[in-house]
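Everything on this sheet refers to the single structure shown next.
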Amino acid sequence: MTSRITHPDGYVFAKRHCLSISDFNRVEIDTLLELGLHYCAPQAQRCDHLKGALLVNLFFENSTRTQNSFEVAAKRLGADVVNMAVGSSSVAKGETLLDTAATLNAMRPDVLVVRHNASGAPALLSQKVSCSVINAGDGVHEHPTQAFLDALTLKRTLGDISGLRIAICGDILHSRVARSNIILMGLLGAEVRLIGPPTLLPADADRWGAEVFHDMSEGLRGCDVVMMLRLQLERMQGALVPSKREYFHFYGLDRAKLDLASPGALVMHPGPMNRGVEISSDVADDPDISLITKQVETGVAMRMAIIDALYAARQNGEAAHV
Ligand code: NCD
């Protein structure tokens, strides 16, 4: 029997899927972050908890770090990994998402990692397959594992997230990373601020429990963490910013703007970065302030934790219907 993933309070992790941050309560989140912390140790990253298990990466959108991160994480747990080449698969011949799911399901994977440009696609798939489904980014909706790895990066670096003032800046309108992080960082006790031009903020952003700013110099004041987002041009219909140069002038993070935040403020970015558009190279590459490489490194540990916890719950029958 696979060992159960437990919390000191006696809670046994019993989730079947990882689709949205809002599906998790505080105890579940803490359990996953603690397990993530455990997997940050290099000696913990060699184990066989998933020996004989199969993880399938099903990415309908481009990805470098997320897909590789899941592959490395699963292999470090001892699982076999198949990367479905969607472009050369039957999907390119017009197969529907659900037919693809049925085909994959017949191969009996244990974990299906899905990225899709339609919000809700992983949730739909999760109802049609018998394995665990992890959302690796669905449209502009959510990217829960990115938020978990961002939280774990902050926990490793600063110890506690509660009480931090975190600014999420840039193209919030198109960012699933922002949506997942607003929920997670808020649940963990951080004060979240959103900073961006009105055209890149959803009309109802003020109802998300975060304070909204359109001016970097106001919004960054007193912030401990500055999380920059990429301009997601591929999701924009028409031009929402006058020019990249002007965007950088007002919203790009450089030294001068960072100096407006708290002394010692740390910088994050989920990648891929557009240097000179939302962030300057000297800020992104300064190891004293930039957590960007650490986010990638922590991502493997966090994904190991999520895969391990979902797999253990299913193996032990805890998550039959959750
Ligand atoms: C993000 C994504 O795909 O949502 N990237 C990532 O997962 N590392 C952010 C982005 O594409 O800008």
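Considering the stretch 40-69, and only residues there that are within 18 Å of the chain's Cα centre (by Cα) and either more than 21 Å from L97 (Cα to Cα) or exposed (fewer than 15 other Cβ atoms within 10 Å of the Cβ) (or both), the residue that is nearest to the ligand (Cβ to nearest atom) turns out to be R65. Taking the listed residues I183, I195, I172, the one that is in contact (Cβ under 8 Å) with a residue 40 or more places away in the chain and farther than 26 Å from H116 by Cα is I195, with no other qualifying. Somewhere in the stretch 293-309, is a residue open to solvent by 60 Å² or more (accessible area, probe 1.4 Å) and over 22 Å from T66 (Cβ atoms)? No, the conditions are met nowhere in the stretch 293-309. Annotation: of all residues in the stretch 137-171 being within 15 Å of the ligand (Cβ to nearest atom) and part of a loop (DSSP other than H, G, I, E, B), the one that is surrounded by the fewest Cβ atoms within 10 Å (Cβ to Cβ) is G139. Taking the stated definitions as given, is S119 open to solvent by 10 Å² or more (accessible area, probe 1.4 Å), out of contact with any strand residue (DSSP E or B) (no Cβ under 9 Å at 6 or more places or on another chain) and in a loop (DSSP other than H, G, I, E, B)? Here the answer is no, as S119 does not meet what is asked. Tell me, yes or no, whether the stretch 261-269 has at least one residue that is more than 15 Å from the chain's Cα centre (by Cα), part of a loop (DSSP other than H, G, I, E, B) and surrounded by fewer than 15 Cβ atoms within 10 Å (Cβ to Cβ). Scanning the stretch 261-269 turns up at least one residue that is more than 15 Å from the chain's Cα centre (by Cα), part of a loop (DSSP other than H, G, I, E, B) and surrounded by fewer than 15 Cβ atoms within 10 Å (Cβ to Cβ). Of the residues in the stretch 199-208, at least one is assigned to a loop (DSSP other than H, G, I, E, B) and closer than 24 Å to L258 by Cα. Is at least one residue of the stretch 235-249 farther than 23 Å from K294 by Cα, touching a His at 6+ places or on another chain (Cβ under 6 Å) and modelled with pLDDT under 95? Within the stretch 235-249, one or more residues are farther than 23 Å from K294 by Cα, touching a His at 6+ places or on another chain (Cβ under 6 Å) and modelled with pLDDT under 95.
For the stretch 239-260, a residue qualifies if it is surrounded by 14 or more Cβ atoms within 10 Å (Cβ to Cβ), under 19 Å from D171 (Cα atoms) and among the hydrophobic types (A, V, I, L, M, F, W, C), and the qualifying residues are L240, V241, F248, F250, L253, L258.
Test V114 against the criterion of being within 15 Å of the ligand (Cβ to nearest atom), free of Cβ contacts under 8 Å to residues at least 60 places away in the same chain and under 14 Å from the mean Cα position of the chain (by Cα), and give yes or no. Here the answer is yes, as V114 does meet what is asked. Of R275, R221, R303, R314, all but one fail to be over 18 Å from the mean Cα position of the chain (by Cα), closer than 30 Å to A53 by Cα and basic (K, R); the exception is R314. Within the stretch 15-32, can you find the residues that are of a type in the set (A, V, I, L, M, F, W, C) and surrounded by fewer than 20 Cβ atoms within 10 Å (Cβ to Cβ)? Result: V27, I29. Being touching a Leu at 6+ places or on another chain (Cβ under 9 Å) and either modelled with pLDDT under 95 or within 16 Å of the ligand (Cβ to nearest atom) (or both) is the filter here, so list the residues in the stretch 70-81 that pass it. Of everything in the stretch 70-81, those that are touching a Leu at 6+ places or on another chain (Cβ under 9 Å) and either modelled with pLDDT under 95 or within 16 Å of the ligand (Cβ to nearest atom) (or both) turn out to be F70, E71, A73.
The values are calculated or read from the model by the stated rules, or taken from the named source; none is laboratory data. Computed from a predicted model, the values in this text were never measured in an experiment. Counting neighbours? That spans all protein chains shown, and the Cβs are built from the backbone with ideal geometry, glycine included. Accessible surface areas use protein heavy atoms only, side chains included; no ligands, DNA or RNA. Shrake-Rupley method; radii C 1.70, N 1.55, O 1.52, S 1.80 Å.
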